[in-house]
Amino acid sequence: MLERPIDLFSDTATHPTEPMRAAMATAEVGDEQLGEDPTTNRLQDRAAELLDVEATVFLVSGSMCNKTAVAALTRPGQSVICDHLAHLYRWEAGGPAVTAGVMFDPLVTDRGHFTVDQLRTAMRPGTRYVPRTALVEMENTHNFAGGTVWPIERYEAVAEAAHEGGAKVLVDGARLLNAVVASTVPASRWAAPSDAIWIDFSKGLGAPFGAVVGGDRDVIDEVIRYQYLFGAALRQSGVIAAAALYALDHHIERLAEDHARAARLATGLAELGLAVDEPVETNIVFFDPEPVGLTAADFVAALGAHGVRVGAVSGRVRACTHLGIDDDAIDTALDATRITVER
Ligand SMILES: *Cc1c(COP(=O)(O)O)cnc(C)c1O
């Protein structure tokens, strides 16, 4: 049995590397609530430059970015349009309904990307009777649609249509840098048509936790007000911000390796008869083991017995590549699949 299983369950499985830990250990710190943590300030400046936005704020998690940004960009009783598999809608315990008092008008899409027509049809102007569409949310890459990247022209057209209809635009960029690396469209272009956009450091970038949300100064001030309101303001956050800075310096370009390994995994799984969602665009592979006579739960258990961890989501299997997955790990995962399938 392996000492540490091969963990393809999620790209949140990354552990801080030795040099990342060294950067954390030597980070200069201060009181972030007073704006006096120099490392957090450097991270916020650095992220603002990357996104080419007026301001950013370092928050404890991506979910906190979603919570605070939705609260900042809406009023209770208003509606948010997003894809039906959006993390914000499906995986955050109904948070926005509680913390911002919003409701959702989810759109059913193919790969997580709705069309301008779909959006225009769903948008509600707001009357005495009807909740106004205050926010349009796009996820890039889209996690549960399979790590898909929005086609940039469609993305820009959707954002424009949202603004024309009087709504704001929030971009869940938990994996924005995967989208940047895969599409070669810079982060600043993805940020340009948004009112708020965020990046997670705890996914493929490999930091322990934390995210930054960016936008105009007045939006970010409102995000910070909600950060305090939700009890999520930080003190000596430089210890963690140092990990995020380290990740921005060292872990962006290497995301291409994760994408290449995910593609190799997908090809190998398809050759073994599994029904793989293709094309695989980034670091997430979804597949159905049904053609080889297994349920997702059976497949997860069978691979688990070989020390390979994958996850079952809505009857399908998800595998994510990341910093902790090398070429040998992909070989082992494919060997374990071969043994499982041929048994
Ligand atoms: C992981 C994830 C989040 C939440 O981020 P946390 O940092 O885990 O809170 C939000 N949106 C998407 C698309 C994600 O994959």
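Values quoted throughout were computed directly from the atomic coordinates according to the rules given, and no laboratory measurement underlies them. Please read these numbers as outputs of a predicted model, since none were measured by experiment. When we count neighbours, we look across all protein chains shown, and the Cβ atoms used for this are built from the backbone with ideal geometry, even at glycine.
When +1 charges are put on Lys and Arg Cβ atoms and -1 charges on Asp and Glu Cβ atoms, the dipole computed for the chain relative to its Cα centre reaches about 920 debye.
Every helix of 4 or more DSSP H residues in the chain counts as -39500 (n - 2.57), and over all residues that averages to -12500 deg cm²/dmol at 222 nm.
Compare the Cα positions of V116, A247, V341 along the charge dipole of the chain (+1 at Cβ of Lys, Arg; -1 at Cβ of Asp, Glu; about the Cα centre) and return the one farthest towards the positive end. Of V116, A247, V341, it is V116. Computed over the range 1-145, the quotient of the alpha carbon radius of gyration and 2.2 N^0.38 Å is 1.32.
How high is the relative contact order of the chain, given as a whole-number percent (alpha carbon pairs under 8 Å, six or more residues apart)? That works out to 25 percent. Take the alpha carbon atoms of the range 129-161, find their center, do the same for the range 221-238, and report the distance between the two centers in whole angstrom. Cα centroid to Cα centroid, the span is 26 Å. For the range 202-265, the dipole from Cβ point charges (+1 on Lys and Arg, -1 on Asp and Glu) about the Cα centre works out to 280 debye, to the nearest 20. Remark: C-alpha extents of the range 104-242 on the principal axes read 47, 37, 23 Å, sorted largest to smallest. The ranking of S237, S79, S314 from fewest to most other beta carbons within 10 Å of each one's beta carbon is S314, S79, S237. Measuring nothing but how far apart in sequence close Cα pairs (under 8 Å, 6+ apart) lie, relative to its length, the range 147-264 scores a relative contact order of 24 percent. Panel order for E92, E271, E253, by other beta carbons found within 10 Å of each beta carbon, from fewest to most: E253, E271, E92.
Using Cα centres only, tell me the gap between the range 283-319 and the range 13-52 in whole Å. Here the two parts' Cα centres lie 36 Å apart. If you look at the Cα atoms of the range 79-148, you get an Rg and a Dmax of 12.2, 39 Å.
Working ranking of peptides 103-109, 197-203, 159-165, 143-149 by packing, defined as the average number of other Cβ atoms within 10 Å per residue, highest first, is 197-203, 143-149, 159-165, 103-109.
Each pair of Cα atoms in the chain enters the Kirkwood radius, and Stokes-Einstein at 10 °C and 1.306 mPa s then converts it into a translational diffusion coefficient of 77 µm²/s.
Computed on the range 260-307, with alpha-carbon pairs under 8 angstrom and 6+ residues apart, the relative contact order is 30 percent. Fewest-first ordering of T39, T127, T12 by other beta carbons within 10 Å of each residue's beta carbon gives T127, T12, T39. Helices meeting the span-like rule in the chain (full DSSP H runs, Cα extent of at least 15 Å along the helix axis, mean Kyte-Doolittle score of -0.5 or higher): 62-73, 217-229, 238-250, 255-271, 327-342. Of the beta bridges in the range 6-158, as assigned by DSSP with both residues counted there, near 10 percent are antiparallel.
Across all Cα atoms of the range 219-277, the radius of gyration (one decimal) and Dmax (whole number) stand at 19.8, 52 Å. Highest-first packing order for the peptide set 28-35, 332-339 is 332-339, 28-35, based on the mean count of other beta carbon atoms within 10 Å.
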